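Bear in mind these aren't lab numbers, they're just calculated from the coordinates by the rules spelled out. For clarity, every value in this text was computed on a predicted model and none was experimentally measured. A quick note on method: Cβ atoms are made from the backbone with ideal geometry, for glycine too, and the neighbour counts reach across all protein chains shown.
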Amino acid sequence: MSVRARAVLSVGSNLGDRLGTLQGCVQAIGRLPDTDVLAISPVYQTAPVGGPPQPDYLNAVLLVATAQSPRDLLHATQRIEAAYGRVRAERFGPRTLDVDIIPAPEDSNFQRLADALDELGAPPTAVDSSFRDLDPRDSFDLARARILKLATTAGDLDVLNSALGAPPYADLRGRAVEVEVRGTPVRVASLDDVISMKRASGRPRDLRDIADLTESDTRSD
């Protein structure tokens, strides 16, 4: 019997049928050899970080159990991205599908990730979203990075430790609201959680969104 490990995947799309792409992506991940999707977060919307002007993302987080190695899982998710038309033509550009592998925040995992990034030719210095110069091949720097976007021999990779303002998963799911999209029930993050994440980001666009969301909520009352 294959030994399975749990992995957390973050999936996002900001081009085309975003929700349909996320649904297809989840199904494709569930069809990978020796892999099962154990849990799926509510769908939530975020503004893009960096790059040219582009639409907002729809995102979700998956918990999977898999017997695949980290490298095989990375290559499998990149094939799924390609199947949905992912083109890596522009750094920080819009994407039909983006799949990120999220390591558990443990020292041993950060060391394994640092070793893997070194093997994949990650640059010795990268600037994270807080404008700090960090070494992605160093486990200590990886552990304190917020968001790192790296060019490697396996393509562009994102290292994301946490989403600003996001509550624990159990709280996010517990407060989620179910809506129907094209006949499919979808759980989405609550208005309060969306506002909390946008406020934490501090970006002008997100702050404008908060004003619009608050005004809309007031009208509905």
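If we count every other residue with Cβ under 12 angstrom of residue 109's Cβ, Lys/Arg +1 and Asp/Glu -1, where does the sum land?
So the environment of residue 109 carries a net charge of -1.
Going 7 Å from the Cα of residue 208 toward and past its Cβ, which residues in the range 15-52 have a backbone nitrogen under 14 Å from where you end up?
47-48
For the range 17-95, which trypsin sites (Lys or Arg not before Pro) pass both filters: DSSP loop (anything but H, G, I, E, B) and at most 14 other C-beta atoms within 10 Å?
31, 88, 91
Find, among the chymotrypsin sites (Phe, Trp or Tyr not before Pro) in the range 12-98, those assigned to loop by DSSP (not H, G, I, E, B) with at most 16 other beta-carbon atoms within 10 angstrom.
Those that pass, being in a loop and sparsely packed, are 92.
Just to check I understand the Karplus step: with θ = phi - 60° and J = 6.51 cos²θ - 1.76 cosθ + 1.60, what whole-Hz values come out for the range 93-102, glycine and proline as x?
Result, ordered by residue: x, x, 9, 5, 7, 10, 10, 10, 9, 9 Hz.
I want to check the label-to-label distance for residue 147 and residue 88. Put each point 7 Å from Cα in the C-beta direction and report it in nm to one decimal.
Label at residue 147, label at residue 88, 1.9 nm between them.
Could you compute Rg(Cα) / (2.2 N^0.38 Å) for the range 27-152, with N its residue count?
That ratio works out to 1.10.
Quick one: which residues, 5 or more positions from residue 146 or on another chain, have an amide H under 5 Å from its amide H? H modelled 1.01 Å from N in the peptide plane, none for Pro or chain starts.
Amide H neighbours of residue 146: 129, 130.
Between beta-carbons, use under 12 Å as the cut-off and find the net charge around residue 171, counting Lys and Arg +1, Asp and Glu -1.
Once positives and negatives cancel, what remains is 0.
As an exercise, use a Förster radius of 41 Å and the Cβ-Cβ distance of residue 177 and residue 108 to find the FRET efficiency, rounded to the nearest 0.05.
So, using R0 = 41 Å, E works out to roughly 0.65.
Residue 133 to residue 79: extension gain in nm, 0.36 nm per residue of separation minus the Cα-Cα distance?
16.3 nm
Taking every pair of alpha-carbon atoms in the range 7-46, what share in percent sits in each 5 Å bin, from 0 to the bin with the longest distance?
Result returned by the calculation: 5, 20, 34, 24, 12, 5, 1.
Could you please report the charge total around residue 134, scoring K, R as +1 and D, E as -1 over all other residues with beta-carbon less than 9 angstrom from its beta-carbon?
-3
Whole-Hz Karplus ³J(HN,Hα) for the range 9-18, in order, using 6.51 cos²θ - 1.76 cosθ + 1.60 and θ = phi - 60°, x for Gly and Pro?
10, 10, 10, x, 8, 10, 10, x, 7, 4
When every alpha-carbon pair in the range 1-86 is counted, what percent end up more than 17 Å apart?
So the pairs more than 17 Å apart make up 49 percent of the total in the range 1-86.
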